[in-house]
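The next block holds one structure in the form of structure tokens; read it before the comments.
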2 protein chains.
Amino acid sequence: MCEACSGAVLKKRFARLLALTKTWWCIILIVICVLVMAVLLYFLFFQSSSSDGYVIKPGPLYPPTEGYVWPQPQYENKQLDYFTFNPAQFNVTVTNHTCDILKNALERYYNIWKKMHSTAKENNKWAKRKKRPKGDTYQGDATQLSVVLEGECEEYPHFDMDESYDLKVNKKSSLESASIWGILRGLESFTQLLYFGNYYTEIHINATKISDYPDYKHRGLLIDTGRHYLSLDNILKTIDALSMNKMNVLHWHIVDDQSFPYQSTRFPDLSDKGAFHPSLVYTPADVAQVIGYAAARGVRVVPEIDVPSHTRSWGIAYPQVLAKCYKKNTEIGLGPLNPISSTTYKLLRELFEEVQGVFPDSYFHIGGDEVSLGCWESNPNIKKYMNKHHMTITQLHSKFMLKALNILRNDTRAIVWQEVFDNGVPLSNDTLIQVWNYNWVREMVKILSAGHRVVFSSSWYLDYKNFHWNDYFKDDPRLMVYQKDPTLDLDKIVGGEVCLWGETADDTDVIMKVWPRTSAVAERLWTGLDYMNPPKEFVTTMDRRRIEEHVCRMRRRGIAAQPPNGPGFCIGAA
Amino acid sequence: MCEACSGAVLKKRFARLLALTKTWWCIILIVICVLVMAVLLYFLFFQSSSSDGYVIKPGPLYPPTEGYVWPQPQYENKQLDYFTFNPAQFNVTVTNHTCDILKNALERYYNIWKKMHSTAKENNKWAKRKKRPKGDTYQGDATQLSVVLEGECEEYPHFDMDESYDLKVNKKSSLESASIWGILRGLESFTQLLYFGNYYTEIHINATKISDYPDYKHRGLLIDTGRHYLSLDNILKTIDALSMNKMNVLHWHIVDDQSFPYQSTRFPDLSDKGAFHPSLVYTPADVAQVIGYAAARGVRVVPEIDVPSHTRSWGIAYPQVLAKCYKKNTEIGLGPLNPISSTTYKLLRELFEEVQGVFPDSYFHIGGDEVSLGCWESNPNIKKYMNKHHMTITQLHSKFMLKALNILRNDTRAIVWQEVFDNGVPLSNDTLIQVWNYNWVREMVKILSAGHRVVFSSSWYLDYKNFHWNDYFKDDPRLMVYQKDPTLDLDKIVGGEVCLWGETADDTDVIMKVWPRTSAVAERLWTGLDYMNPPKEFVTTMDRRRIEEHVCRMRRRGIAAQPPNGPGFCIGAA
């Protein structure tokens, strides 16, 4: 900077600047002045026109919609005709295929309907049902839903699963899909079409046609149980909420520097010594429960064992697998995994083998982010090794990641954080690269240009600033890349993940920190945007009203989502 | 701004600026350059020296303290000698006076001790109790606490109550106070001295002497049930948490523009029509329960009925008491209370009379903030009235507030928001003026100079920005005023209140939004600061460790306080 300051270029520019006459200076200042005034006037006008100054509306700031599905279906035709809905007099039939997942789902949704119905009945206490006015579009009771599953059930959801479905709601309704996953999504939509009517004393549903499918295949949430332990109960609740929002991936960043709560059968000492406390672990039974609960709701569980950094807790039981860090030739503590020790790779191979056996998903996240290369560089043995093999520190990181990738099973596909790509590790085309850092558009363009696939997260860090749901509603990764370079293959942006890192989140606040902000991303990823004709307004009044309804719906179903917009209330939310 | 730009002064200055030689310009730029580099270097150095770069400590970021009382007592002498504590073998005796409040408190604390003890017993499952090492300062079981209440019990806590106490912990301990309120504070401190020892398998307590009293008399929290309804359960939990933090005021901003959940016996229509829903109200029994629950914990409940603005919900049942607002001579809706209608004052008189009868506290908050004077000015009848009486709009506001103050009972003391003082309403010296807006130091100086008393809130708005507990820990109102004008009577700053406005807070997040951030203010107000010798560092490592313990303590007692600092964990928190 200072070199440039005495350089010829800058000197010339300043000379030019100083050569401006006083008149020009004044003109520039006047222009700035006018611009500032314009901005001020805009805000003044905007404020007074939007609220009429001093007239305040009593009641909720944004009244909730009635029976609007979140995320917005791809195609939806909603009629004014409506039916009343009483689960006790409603008949669900299943034709073609069926299976446990479907049977359990029907039972689950039936219970949700029953609970809604008893809330409606209770509300008769406060306001008696009114006679329907003349000209009302009431069409009697809804009587039936016919569920048509056209293909055989799969046991586990997977990356390429089919989630599309067709739903026709009428007196007699039908839900069709080629896949159990589409049926699950359709049952959720059917349930979201139900709303309280007639002063909350009845359940209504409008005649509706929906044809629906997701725009992005991978729609996930990262939870981090290494910085704070999360109870099984909250993880299951989170899965419930994911499926309510048609998301399909729980990215379980299960261990980190601070603690190792994953109870390994091969290396029980890792959690016996590395967990915050021996009671704060996930046993094999816990993990199996999470996987099964998620599968039943069409949610994949993708485990992450982050290497070579973020592994400090491993060293309580196995200090020998961590590199020693030095400062002026004095050992100062342990750093990332030791990349030049065969013990490291032996433990890694066995641990990875176990984890791949435990989690049925074909994707496995091996991290690779934020490597403390400084520690490796400070270590005399590692330095010697690098000199001997004529390696830079980045090449050492690459070599480590390559070895870690190579010990994965052949049928396992890897997910890595962006640094692994940035450092030039040769990656197969089915590897997913998760973009999380700044300059994300440039990064995605680079990754796509190299023919790789992207999972996008940068805009969706929940612990970054005090962002609200509408901030998370704005960024669509395909739109951003399209605006930069319309020639790239946007299908290679396979999805995105919201990240709730665990430094400041624990059981007390995990649910309300995630919801409804993650609902905003859920809609971006499911419904997508027409990126060639992006909307002028990303958050409309209707969106605000829809999310009000969706938040109450989540609360009625046990998810303590935060109020999204301002003053308001929910009925039937315990 | 633009007038000045073409003015003589600016012209002259620019002429002088432009007259600088190129050499001078370069020198200025170099200086800036060096300064920026210095800042960058500072951060670089700071970062590497504070964390040693790449060496990461596993486990909690700040390990909790063991048996440290929050808020910090005024005088405390803690010994290394410690005792084990088993509630089943611990004897509490009461000498001198006793009463229901004391009996109930002892039962309450006994249950807390019992729960701690069973958590400790359960932990034997994870880690067996270890033999004490030689040289350990263990002194056997604590056997007894003798509670000496020197004065008769009062029924309700009040502004001038005595909260001081003396606590001596040893094998046989004693707690002494002149007042039941001091005894309550002392029982809380005794309970906070208990901590888990020997791998969480025992309860320990150290020999300690505490002499304690609050620096500020009024230590409160505002909750707002007008923007979102809060369940009775969460209000009671909030009171529990207040008493755990030795706070003594729940400021209940009970109604607002959006809803009127207070069920009035004289005007039942106010809540029948003005609540969000007829089920979302506080019945007389609910209110009585809140007041009784709070009194039993030494917490006053101060109601606020905010007038003349923030009253839009009144107008659903009683539109005639609100002023009509106009835009270009067209009626556009209802605004604040109508200041020129006798109906308004009639309703106000009767409602205030009822509320003063329901709430035993001698203080009553009548608001007076953010009045939409624009609406009054737009109303032709009000304008005519003002013209007739040669009044400005501010004088009309003053007149209204004065009338509202005059209809209060003689033994009621008022609290008002700062606007009432700012607008020149003559206030009695026992009125409390609550400072909430910007430029708070100047405002407090003005109020104190006029001989009035202050309750401070400006720094403690919980919905303002994404502030953490340590941000709330920094501002002491007496210190701020002392630094501006050391001659003022600082005792007239009688206390402060944390404010949780309800726009974005409801049952889902009220507890975690309030705690532990309010604990920071609780300590500022209880312990105070030596404002003549303020500390160099307002948030020490010890403070961070102490609040870690305090948060776990709150969680063990059912208050879902957020993690305060970073990675960590709690034992025994359901």
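The values are calculated or read from the model by the stated rules, or taken from the named source; none is laboratory data. These numbers come from a predicted model, not from an experiment. Counting neighbours? That spans all protein chains shown, and the Cβs are built from the backbone with ideal geometry, glycine included.
Among the residues of segment A:288-308, are any at negative phi, at pLDDT below 95 and out of contact with any helix residue (DSSP H, G or I) (no Cβ under 6 Å at 6 or more places or on another chain)? Scanning segment A:288-308, I find no residue that is at negative phi, at pLDDT below 95 and out of contact with any helix residue (DSSP H, G or I) (no Cβ under 6 Å at 6 or more places or on another chain), so the answer is no. Does A:Ser259 count as surrounded by fewer than 24 Cβ atoms within 10 Å (Cβ to Cβ) and either within 14 Å of chain B (Cβ to nearest Cβ) or of a type in the set (A, V, I, L, M, F, W, C) (or both)? Answer is no for this residue. Which one of these does A:Thr487 not meet: (1) at pLDDT 95 or above; (2) away from chain B (no Cβ under 14 Å); (3) within 30 Å of A:Ile56 (Cα to Cα)? The failed condition is (3). Residues that are touching a residue at least 60 places away in the same chain (Cβ under 8 Å), outside any helix (DSSP H, G or I) and not hydrophobic (A, V, I, L, M, F, W, C) do occur in segment A:547-557. Checking segment A:77-95 against the condition returns a match, with at least one residue being over 20 Å from A:Leu194 (Cα atoms), more than 14 Å from chain B (Cβ to nearest Cβ) and not small (Gly, Ala, Ser). Pairs meeting the criteria (first residue in segment A:315-343 and at the interface with chain B (Cβ under 8 Å from one of its Cβ atoms) and within 21 Å of A:Phe400 (Cα to Cα), second residue buried (at least 16 other Cβ atoms within 10 Å of the Cβ) and of a type in the set (Phe, Trp, Tyr), beta carbons under 8 Å, at least 6 apart or on different chains) are A:Cys325/B:Tyr54; A:Gly335/A:Trp376; A:Gly335/B:Tyr54; A:Pro336/A:Trp376; A:Pro336/B:Tyr54.
Residues of segment B:419-441 that are surrounded by 12 or more Cβ atoms within 10 Å (Cβ to Cβ), at pLDDT 95 or above and not acidic (Asp, Glu): B:Val420, B:Phe421, B:Leu427, B:Thr431, B:Leu432, B:Ile433, B:Gln434, B:Val435, B:Trp436, B:Asn437, B:Trp440, B:Val441. Being touching an Asp or Glu at 6+ places or on another chain (Cβ under 9 Å) and of a type outside the set (Phe, Trp, Tyr) holds for only one residue in A:Pro261, A:Pro278, A:Pro284, and it is A:Pro278. Total residues in segment B:415-441 satisfying the condition of being within 14 Å of B:Gly496 (Cβ to Cβ) and part of a helix (DSSP H, G or I): the figure is 3.
Taking segment B:177-232 as the search range and keeping residues that are in a strand (DSSP E or B) and among the small types (Gly, Ala, Ser), which one is nearest to the chain's Cα centre (by Cα)? Out of the qualifying residues, it is B:Gly220. Residues in segment A:262-279 that are within 14 Å of chain B (Cβ to nearest Cβ) and hydrophobic (A, V, I, L, M, F, W, C): A:Leu270, A:Ala275, A:Phe276.
Mind telling me which of the residues B:His253, B:His218 ends up being within 23 Å of B:Trp436 (Cα to Cα) and surrounded by fewer than 24 Cβ atoms within 10 Å (Cβ to Cβ)?
B:His253
Of all the criteria given as (1) away from chain B (no Cβ under 14 Å); (2) surrounded by fewer than 24 Cβ atoms within 10 Å (Cβ to Cβ), the one not satisfied by A:Met512 is (1).
Yes/no matrix, rows are residues, columns are (1) outside the structural domain of A:Thr225 (by TED's automatic domain parsing); (2) of a type outside the set (A, V, I, L, M):
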| position | (1), (2) |
| --- | --- |
| A:Thr487 | no, yes |
| A:Val498 | no, no |
| A:Asp506 | no, yes |
| A:Lys513 | no, yes |
| A:Trp526 | no, yes |
| A:Ile547 | yes, no |
| A:Gln562 | yes, yes |
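Here is the figure for segment B:532-572: residues that are at pLDDT below 95 and surrounded by 21 or more Cβ atoms within 10 Å (Cβ to Cβ) total 0.
Of all residues in segment A:492-537, those being touching a strand residue (DSSP E or B) at 6+ places or on another chain (Cβ under 7 Å), charged (D, E, K, R) and under 18 Å from A:Glu163 (Cβ atoms) number 1. Among residues of segment A:102-154 being in a loop (DSSP other than H, G, I, E, B) and among the small types (Gly, Ala, Ser), the one that is surrounded by the fewest Cβ atoms within 10 Å (Cβ to Cβ) is A:Gly135. The listed residues are B:Tyr165, B:Tyr200, and the only one of them that is surrounded by fewer than 22 Cβ atoms within 10 Å (Cβ to Cβ) and of a type in the set (Ser, Thr, Tyr) turns out to be B:Tyr200.
Among the residues of segment A:398-414, are any more than 23 Å from B:Val55 (Cβ to Cβ), outside the structural domain of A:Asp160 (by TED's automatic domain parsing) and either β-branched (Val, Ile, Thr) or crowded, with 22+ Cβ neighbours inside 10 Å (or both)? Within segment A:398-414, one or more residues are more than 23 Å from B:Val55 (Cβ to Cβ), outside the structural domain of A:Asp160 (by TED's automatic domain parsing) and either β-branched (Val, Ile, Thr) or crowded, with 22+ Cβ neighbours inside 10 Å (or both). Quick check on segment A:516-536. Is at least one of its residues within 13 Å of another protein chain (Cβ to nearest Cβ) and in contact with a helix residue (DSSP H, G or I) (Cβ under 7 Å, 6 or more places away or on another chain)? Within segment A:516-536 (the criterion being within 13 Å of another protein chain (Cβ to nearest Cβ) and in contact with a helix residue (DSSP H, G or I) (Cβ under 7 Å, 6 or more places away or on another chain)), the answer is yes, since at least one residue qualifies. The set of residues from segment A:318-330 being out of contact with any Gly (no Cβ under 6 Å at 6 or more places or on another chain) and either closer than 15 Å to A:Lys346 by Cα or assigned by TED's automatic domain parsing to the domain that holds A:Leu270 (or both) comprises A:Tyr318, A:Pro319, A:Gln320, A:Val321. For A:Ala404, state whether it is without any contact (Cβ under 8 Å) to a residue 60 or more places away in the chain, small (Gly, Ala, Ser) and over 30 Å from A:Glu548 (Cα atoms). Taking the combined requirement at face value, the residue does not satisfy it.
Scanning segment A:442-480 for residues that are under 19 Å from A:Thr527 (Cα atoms) and assigned to a strand (DSSP E or B) gives A:Val454, A:Val455, A:Phe456.
Would you tally the residues in segment A:383-397 being on the phi < 0 side of the Ramachandran plot and either outside any helix (DSSP H, G or I) or within 38 Å of the chain's Cα centre (by Cα) (or both)? Residues in segment A:383-397 being on the phi < 0 side of the Ramachandran plot and either outside any helix (DSSP H, G or I) or within 38 Å of the chain's Cα centre (by Cα) (or both): 8 in total. Taking residues in segment A:380-395 that are without any contact (Cβ under 8 Å) to a residue 60 or more places away in the chain, and partners anywhere that are surrounded by 12 or more Cβ atoms within 10 Å (Cβ to Cβ) and polar (S, T, N, Q), the pairs with Cβ atoms closer than 6 Å and at least 6 places apart or on different chains are A:Thr394/A:Asn423.
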